[in-house]
Amino acid sequence: MQNVDAIVIGSGQGGIPLAVDLAKEGRNVVLFERDSLGGSCINYGCTPSKAFLAAAHTVGRARKAESLGIRFQVDVDFSAVMERVRSIRHSFNQGIQKRLESAGVNVICAEASFSGERTVTGGEVTVQAPLVVINTGTSSLIPEINGLEGTPYLTNRNFFDLKELPPRLLVMGGGYIGLELGQGLARLGSKTEIIVRGDRLLDREEPDVSETLAEALRQDGIGLHFNVKVEKVVHDGIFTLTLSNGEQLQGEALLVATGRKPNTNALNVAATGVELDEKGYVKIDDRFQTTCSGIYAIGDVAKQPAFTHVSWEDYRRLKGILCGENRTRNDRVLGYATYTEPQVGRVGMTLEQAQKQGIKARAVTLPINQIARAIEWDYKFGFYRMVVDEDTDKILGATLVGYETAELVHVFLSLMEAKATWQLLEQSVHIHPTYGEGLPSLARLLVGEDMPTCPNK
């Protein structure tokens, strides 16, 4: 057994920069990774999915250009699309490896488990350290369905290894992974059906968000099946799904996107006194400390919001805590996005969430068809919404549904981080004609001004 200064388990977007920083400070750091460096973001999350959607949404926009007087003959080279996705993934992966090597981090390519208090074994290596950080992330939660096990179903993990476009795609799940990848393949040419156990898509969002996305997906030719479960799967070269309402659906490919589970099964945390919750997530306090002194957990394995930017900020939070700073696990405004088309950009609270906390809140909504830029581009789907505190005038949250709203939502994120009031946004002069011009117009609804950016509305 070797004594070192720090152990990091998992090379996600929180673990990598933390290991690098500690090593650059002169500490002896060991990082365990059982799979490809970079975690889910680089290998089967953000990087490949957004490279994939770059192609898919380009095709989708081209096919919808007829309303502008433009007709395209679209020819999709699916193998080239996916090869580009994999090449970008490989490039990012190699960059991480070089970064760790140059910092002097000792990378052990093996699955790690605790073999004693703050003692970790992986492969033939056993190390002990006063500081251990768990950053093992999450993976696909596969439901127990008759006939599913053993079939060549897809998850976000192997989706990007596709070489040929499936003529028909079946998607289980109405969350962001199922919607992004399902719409992506539909736009590239797959006949797609999405199966949802509940009554709407993205059920953590407001109902009109779900309704807007549903209508947009239907216009892409996607079939939506609500309030049904898959009861049986048969695969004989083609998937046949039997639904709880008796309907049967068939497709050459099946994507399972029904949830996530924490990667803690192999860690043997009992050996070091780290406790898990009922679903297997690592229990932490507000400063990322587990139930064992000296062991911390960051990212979604610790039930933090499952976004790369949150994991990266967790690294900065934990580094600050280790240096004596007063940081906590939820000390920044949370924003996120879903990269369907239209996109969904979200930050802070909805009106319902604010009112449940006893806040006297108000929301204003501006339909996207009242924004000049949207009319000029013939973009019909979406709205902008802002939630404010009526007592303090501070912005509490925003929901933006529309074209590239993942970019626009940062305006609200920065205003909220600065604890600004809605009046600052109302007084701003945004450039005409832009989608961003709609944000001050949204704020002006709070003072009763009828000043949408489209002069004809």
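The values are calculated or read from the model by the stated rules, or taken from the named source; none is laboratory data. A quick note: this is a predicted structure, and the numbers were derived from the prediction, not measured. Positions of Cβ are backbone-derived with ideal geometry, glycine not excepted, and every protein chain shown enters the neighbour counts. Surface areas here come from the heavy atoms of the whole protein model, side chains and all, with no ligands, DNA or RNA. Shrake-Rupley method; radii C 1.70, N 1.55, O 1.52, S 1.80 Å.
Here are the numbers for the structure shown:
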{"quantity": "Positions within the range 255-278 being assigned to a helix (DSSP H, G or I) and either farther than 20 Å from A112 by Cβ or among the small types (G, A, S) (or both), in sequence order", "calculated": "A270, A271"}
{"quantity": "Of all residues making up the range 421-445, the number that are under 19 Å from Y379 (Cα atoms), open to solvent by 30 Å² or more (accessible area, probe 1.4 Å) and aliphatic (A, V, I, L, M)", "calculated": "1"}
{"quantity": "First in the range 278-299 and within 13 Å of L318 (Cβ to Cβ), second anywhere and surrounded by fewer than 16 Cβ atoms within 10 Å (Cβ to Cβ) and among the basic types (K, R), Cβ under 8 Å, 6 or more apart", "calculated": "T290/K283"}
{"quantity": "Candidates R89, R84 - the one that is within 24 Å of L162 (Cα to Cα), in contact with a Pro (Cβ under 6 Å, 6 or more places away or on another chain) and in contact (Cβ under 8 Å) with a residue 24 or more places away in the chain", "calculated": "R89"}
{"quantity": "Residue list for the range 381-394, restricted to those being under 16 Å from M416 (Cβ atoms) and either modelled with pLDDT under 95 or assigned to a strand (DSSP E or B) (or both)", "calculated": "Y384, R385, M386, V387, V388, D389, K394"}
{"quantity": "Hits in the range 308-335 - residues which are closer than 22 Å to A398 by Cα, open to solvent by less than 70 Å² (accessible area, probe 1.4 Å) and out of contact with any helix residue (DSSP H, G or I) (no Cβ under 8 Å at 6 or more places or on another chain)", "calculated": "E313"}
{"quantity": "Whichever residue in the range 395-420 is surrounded by fewer than 19 Cβ atoms within 10 Å (Cβ to Cβ) and in contact with a helix residue (DSSP H, G or I) (Cβ under 9 Å, 6 or more places away or on another chain) and, among such residues, is nearest to L53 (Cα to Cα)", "calculated": "E404"}
{"quantity": "Those residues of the range 404-428 which are in contact with a Lys or Arg (Cβ under 6 Å, 6 or more places away or on another chain) and free of Cβ contacts under 8 Å to residues at least 24 places away in the same chain, in sequence order", "calculated": "E426"}
{"quantity": "Single residue of the range 381-394 satisfying the filter (open to solvent by 20 Å² or more (accessible area, probe 1.4 Å) and closer than 29 Å to R332 by Cα) that is farthest from the chain's Cα centre (by Cα)", "calculated": "D391"}
{"quantity": "Qualifying positions in the range 135-187 - under 28 Å from V74 (Cα atoms), among the hydrophobic types (A, V, I, L, M, F, W, C) and in contact with a Gly (Cβ under 6 Å, 6 or more places away or on another chain)", "calculated": "L165, L169, L170, V171"}
{"quantity": "Extreme residue, least open to solvent (accessible area, probe 1.4 Å), among residues of the range 371-380 that are assigned to a loop (DSSP other than H, G, I, E, B) and farther than 20 Å from L445 by Cα", "calculated": "Y379"}
{"quantity": "Entirely in the range 1-116, the strands (runs of 3 or more DSSP E) that have 3 or more residues that are surrounded by fewer than 23 Cβ atoms within 10 Å (Cβ to Cβ)", "calculated": "106-108, 112-116"}
{"quantity": "Residue match in the range 258-266 (condition: over 25 Å from D21 (Cβ atoms), out of contact with any Gly (no Cβ under 6 Å at 6 or more places or on another chain) and among the basic types (K, R))", "calculated": "yes"}
